[in-house]
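Below you'll find the structure, written out as structure tokens, and then a few comments.
The values are calculated or read from the model by the stated rules, or taken from the named source; none is laboratory data. Note that this is a predicted model, so its numbers are computed, not measured. We place every Cβ from the backbone using ideal geometry, glycine too, and count neighbours over all the protein chains shown. In case anyone asks, the SASA skips ligands and DNA or RNA and just uses the protein heavy atoms, side chains included. Shrake-Rupley method; radii C 1.70, N 1.55, O 1.52, S 1.80 Å.
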Amino acid sequence: MAVQINPSILSADFARLADEAKAVEGADWLHVDVMDNHFVPNLTLGVPVVESVARATDTPLDCHLMIEAPDRWAPQYVEAGASSVTFHVEAAAAPVRLAREIRAKGARASMALKPATPIEPYEDLLPELDMLLIMTVEPGFGGQAFLDIMLPKIRRTRELISKHGLELWLQVDGGVSASTIERCADAGADVFVAGSAVYGANDPAEAVRALRTQAETATAQASWACDH
Ligand code: DX5
Ligand code: ZN
């Protein structure tokens, strides 16, 4: 699967979201961080804003729900126009049922793991998902330092994907930048969320291109990609 770069609008200017979406044209997805001030200690945006952003851009929306009770709320984000919806397994009451509901409504279903949540208990769930998100910071804020200690989990997850022959995308989110993206790609990630590294750059579209080039080069040299 080709490398994908998903800029996170958490680091964009929330008063100019339509312009900020256009500023990263060429990105694969727009990553939208939904926070409820309960699952994480921060509050961002909800369904009405997602509806407006979906209308304002042709780039598909990758909604990352950092919220309690995703079983109740996630389907509404599909209806709002998200093409991919990620819920946190730590918050979901019935992750299999929820993933099936997201897919049935027509979006890609994705499940996220906080840094302290292991992948191994969820091996049997992977066929139910289109993407797995491994958080490489504690969720809640942009601009945090990348957690290198997550690299073994990325590697083990890539091994599980290969072992089962799945078409599962492996996303990383948090502290992904020019200085960390190659390590993520080498470990097995293929979808890269970047907030401050894109919107903090003078030219966000150029930052996306540069990150893509770095990730593609690192993937071409990675042992996990050679097996395919
Ligand atoms: C953090 C969010 C991220 C955030 C990443 O909880 O899920 O998507 O925007 O920001 P950076 O890339 O600046 O670490
Ligand atoms: Zn995110």
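Summarising the amide proton neighbourhood of Ala178: residues at separation of 5 or more, or on other chains, whose placed amide H is nearer than 5 Å comprise an empty set.
Report, to the nearest whole %, how much of the accessible area of the chain belongs to carbon and sulfur atoms, 1.4 Å probe, protein only.
Details: 4860 of 9650 Å².
Taking all protein chains in place, the chain shows 50 percent carbon and sulfur surface.
Might you report the magnitude of the Cβ-based charge dipole of the chain about its Cα centre, with Lys and Arg at +1 and Asp and Glu at -1, to the nearest 20 debye?
Numbers: 18 positive and 32 negative charges, 42 e Å.
Magnitude of the dipole: close to 200 debye.
Straight-line cross-link partners of Lys114 among the aspartates and glutamates, defined as a Cα under 12 Å from its Cα and at least 8 positions apart when in the same chain: Glu90, Glu138, Asp173.
When Phe87, Phe146 are compared by accessible area of protein heavy atoms, the largest-first order is Phe146, Phe87, using a 1.4 Å probe. Here the convex hull built on the C-alpha positions of the chain has a volume of 107 cubic angstrom per residue. If R0 is taken as 35 Å, the Cβ-Cβ distance between Ser162 and His38 corresponds to a FRET efficiency of 0.45. Under a model in which nothing but the beta-carbon of Lys, Arg (+1) and Asp, Glu (-1) is charged, segment 111-228 shows a dipole of about 220 debye around its Cα centre. The residues Ser83, Ser110, sorted by heavy-atom accessible surface at 1.4 Å with ligands and nucleic acids left out, run Ser83, Ser110 from largest to smallest.
For segment 4-226, what relative contact order do you get, as a whole percent, if you take Cα pairs closer than 8 Å and at least 6 residues apart?
On the way: 471 pairs, mean separation 42.7, N = 223.
The value is 19 percent.
Using the Kyte-Doolittle scale, which helices in the chain average at least -0.5 and also have C-alpha atoms spread 18 Å or more along the helix axis, with helices defined as whole DSSP H runs? Taking the DSSP H segments of the chain (at least 18 Å long, mean hydropathy at least -0.5), we get 204-220. In this label model, Ala145 and Arg16 are separated by 3.2 nm, measuring between points 7 Å along each Cα→Cβ vector.
Stretched out fully, how many nm does the piece from Met1 to Ala69 gain, at 0.36 nm a residue minus the Cα gap? Numbers along the way, then the final one.
Values: separation 68, 0.36 × 68 = 24.48 nm, distance 3.16 nm.
This chain segment gains 21.3 nm when fully extended.
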